[in-house]
Amino acid sequence: MITWRRYSVRERSLWSAPLLGFLAAGLTGCGDLLKVDNPNNLRGEDIELPVAGTAMANGVQALVAHGVNGASIIYHTVTDELEWSGSRDGFRELDQGKISNAYNEFTDGFYRDYAPGNIAEARWMADEAIRILEQQDANGTIRNRLDLARVYFYAAIAYVTIANVYDDWAFSDAPKREWGAPVGPQNMGTLYDKAITYLTKGMAIADAVGDLAHRRAIRAMRARANFDRAIWERVNPPRGGAGLVDPNSKYVTDAVADAQAALALMSGAPDYEYRFTFSVATGSPAQGAWIASRQENRLGRTYVAPHPTSPTWLNQVVIMDPIDNKPSPIVDRIQRRFRRDVGEGVYVGYTVVSAREMHLILAEAALARNDIVGFQTAINNLRALDGLTPWNPASSVSARDLLIHSRQTNLFMQTRRLSDHYRFNIPSREWLPGAQVLVNPGMFFPIPATECLSNPNIGRERCST
């Protein structure tokens with residue numbers, strides 16, 4: 001049985017349940033290496049053995065999948081994508097637009113305490129795996145270089161998620177009692193840069209090996225990381241109404257190049273998605289537990305109508321395509337995944353990056369530089385995936401409005417919406433008058449209480465309420 005200690009998620013990272021399961025499987029049959037009956041008794045140094053490389057990469061994948069899912073649910077609750085529908089005041093506070101409370105049970109809880117994985121330990125373990133596998137790669141003992149490419153990829157997903165969700169972060173190494181200083185809100189963009197560096201390294205390995213699955217996933221994720229960085233620049237320091245990305249930004253240029261390359265790699269899968277998937281073996285993710293099962297949150301009424309006899313569940317899509325005036329096909333597909341009768345239910349997956357996002361990157365970049373032909377090509381390639389009527393410049397729907405709608409629907413429940421609320425001046429219907437997110441557009445989540453109370457570089461006074 002695992003003992004969960006409240007004061008430091010990263011201190012238990014090495015012994016987290018998903019990682020132990022994969023390590024135990026990966027090390028089975030290695031002579032007398034373990035000499036124990038309980039795989040939870042693995043020694044820390046055992047994970048540095050080359051034989052553990054694939055198992056460690058699998059464990060990092062599990063931790064990041066759950067960690068990203070937990071971070072996403074607090075984020076989505078602040079946006080119009082989720083509505084508070086249960087009895088938990090923490091979700092109500094977020095839904096109404098108060099985001100600064102470091103003691104909020106979910107803001108803090110999904111940082112430190114959600115089992116089988118949370119965002120803090122996921123980030124820590126990903127970096128630890130990179131340290132170990134880079135060392136093995138350098139000395140020639142690594143068993144499979146794709147394991148290193150994978151952990152670069154998973155670490156990048158964790159870094160981009162943290163940068164999208166949080167206003168500040170501290171990179172502590174609790175097992176070594178090394179407490180990190182806060183990065184500072186003005187420096188959170190460097191997390192995207194770190195992710196881009198990791199993805200570049202991972203891409204070089206995947207290209208050298210010739211592994212198509214990893215080549216397209218990593219390339220697409222690098223396009224996303226660059227574009228998310230460009231969006232971050234439009235809402236930081238906190239401000240609203242910044243609008244489209246800066247077409248002269250290096251990050252936009254790099255995102256466009258990667259999006260084009262990723263789409264070429266996806267030619268055989270035009271509606272490609274890289275998704276974290278879950279099952280009985282992995283445990284239910286946060287979204288499955290709180291939306292599909294406990295129903296403390298429901299998908300927002302901006303997108304779907306509540307069921308007429310069950311106010312916490314789904315009935316039909318109400319967000320309409322602005323040209324065809326019919327319910328959004330992609331929102332319908334996504335919302336069905338949350339249903340237990342026809343979808344994935346409590347094991348609902350999470351889309352990290354997709355071909356749809358590549359088209360959106362190309363469309364916004366073109367529109368930002370006033371390239372209407374380029375916008376038309378990209379947005380119609382996206383619309384073709386759902387058989388929707390192509391857009392043309394004579395349409396009654398403006399290019400800007402169509403872009404906003406297309407991002408809102410095709411990136412639904414993918415941790416992108418809050419930045420779009422800010423930069424396009426579109427409030428959530430649940431935000432109260434005078435809510436923090438209205439008064440200070442550009443706010444994201446604070447360093448949670450668990451970190452600021454235990455980290456001497458931050459201190460109790462930084463724990464906002």
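Please determine, in degrees from 0 to 90 and to the nearest 10, the orientation of helix 17-27 with respect to the longest principal axis defined by the Cα atoms of the chain, where the helix direction is its Cα long axis.
Approximately 50 degrees, to the nearest 10.
What nm distance separates the two modelled labels at residue 89 and residue 465, each placed 7 Å from Cα along Cα→Cβ?
For the pair residue 89/residue 465, the computed spacing is 1.1 nm.
Probe radius 1.4 Å, ligands and nucleic acids ignored: give me the carbon and sulfur share of the accessible area of the chain as a rounded percent.
Accessible surface attributable to carbon and sulfur in the chain totals 50 percent.
Between residue 384 and residue 396, what length comes free when the chain is fully extended (0.36 nm per residue of separation minus the Cα-Cα distance, one decimal in nm)?
That works out to 2.4 nm of additional length.
Can you tell me the order of 426-434, 225-233, 397-405 when each peptide is scored by its average per-residue count of other Cβ atoms within 10 angstrom, highest first?
Packing order, densest peptide first, comes out as 225-233, 397-405, 426-434.
Based solely on C-alpha atoms, express the radius of gyration and the Dmax of the chain in angstrom.
21.7, 73
At 20 °C and 1.002 mPa s, grab the translational diffusion coefficient of segment 364-431 from Stokes-Einstein with a Kirkwood Rh over Cα pairs, rounded to a whole number in µm² per second.
Approximately 166 µm²/s, per Stokes-Einstein.
Within 14 Å, Cβ to Cβ, of residue 339, how many net charges do the neighbouring residues add up to if Lys/Arg are +1 and Asp/Glu are -1?
Residues near residue 339 contribute +2 overall.
Just to be sure I understand: of the beta bridges DSSP finds with both ends in the chain, what percent are antiparallel, rounded to 5?
95 percent
Which FRET efficiency value, to the nearest 0.05, do you get for residue 135 and residue 181 by plugging their Cβ-Cβ distance into 1/(1 + (r/R0)^6) with R0 = 22 Å?
Computed FRET efficiency for residue 135 and residue 181: 0.30.
Roughly speaking, what is the stretch gain from residue 143 to residue 233, that is 0.36 nm per residue apart minus the C-alpha to C-alpha distance, in nm to one decimal?
Extending this stretch completely gives an extra 28.4 nm.
Charges at C-beta only: +1 for Lys and Arg, -1 for Asp and Glu. How large is the resulting dipole of the chain about its Cα centre, in Debye rounded to 20?
300 debye
Given a 1.4 angstrom probe, what's the average accessible area per residue across segment 403-465, in square angstrom?
In whole numbers, segment 403-465 has 35 Å² accessible per residue.
Per-residue ellipticity at 222 nm for the chain, helices alone: DSSP H runs ≥ 4 residues times -39500 (n - 2.57), over residue total, nearest 500 deg cm²/dmol?
For the chain, the value works out to -15000 deg cm²/dmol.
With the dipole of the chain worked out from charges on the C-beta (+1 for Lys and Arg, -1 for Asp and Glu) around the Cα centre, which of 330, 292, 282 lies farthest toward the positive end?
330
For segment 234-281 and segment 406-424, write down the distance between their C-alpha centroids in whole Å.
One Cα centre to the other: 12 Å.
Give, rounded to the nearest 20 debye, the magnitude of the charge dipole that segment 100-226 has about its Cα centre when Lys and Arg contribute +1 at Cβ and Asp and Glu contribute -1 at Cβ.
For this selection, approximately 560 debye.
How many angstrom lie between the Cα centre of segment 150-190 and the Cα centre of segment 359-399?
When both Cα centres are located, 35 Å separates them.
The values are calculated or read from the model by the stated rules, or taken from the named source; none is laboratory data. In this text, all values refer to a predicted model and were calculated from it rather than measured experimentally. Please note: Cβ atoms are built from the backbone with ideal geometry, for glycine as well, and neighbour counts cover all protein chains shown. Surface areas here come from the heavy atoms of the whole protein model, side chains and all, with no ligands, DNA or RNA. Shrake-Rupley method; radii C 1.70, N 1.55, O 1.52, S 1.80 Å.
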